[in-house]
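Below is one structure, written out as structure tokens; comments come after it.
FYI, it's all coordinate maths here, none of it is from the lab. It should be emphasised that the depicted structure is a prediction, and the values quoted were computed from it without experimental measurement. All Cβ positions, even for glycine, are placed from backbone atoms using ideal geometry, and neighbour counts span all protein chains on display.
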Amino acid sequence: MLVCQCKWLTYKQLGDLVEAGVDTLDAIQSHLGAGTECGGCVVALQQYFAAIEEAEAAALQSSGKPSAQVNDGNTSLPVPAADQP
């Protein structure tokens, strides 16, 4: 499923980029240009990154780890059902 039609960016590719460290809207826009053409995907990208932040915050809260820790690789990234294997 495409998140950005202008740049042909799928949610799977977005997840791979986030795992590789391209993990903010600004970074995605700089790295790929997604969200910089027609702007139609900006809300979806914002929601995607907000969901990641919420999942990381919930994981940190439940683990009792200091809030300075970021995704330790155990937090699932949000992927729409159409992109799941």
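To make sure I understand, if each residue's beta carbon is the centre and we count other beta carbons within 10 Å, what order do C38, C4 fall in, fewest to most?
Values: C38 10, C4 25.
Least crowded to most crowded, the residues run C38, C4.
Efficiency by 1/(1 + (r/R0)^6): what FRET value for D26 and C6, r their Cβ-Cβ distance, R0 = 22 Å, to the nearest 0.05? After rounding, the FRET efficiency stands at 0.80.
Could you grab the Rg to Rh ratio for region 2-71? Cα atoms only, Kirkwood for Rh.
Values: Rg = 13.2 Å, Rh = 12.8 Å.
When Rh is taken as the Kirkwood radius, the ratio is 1.04.
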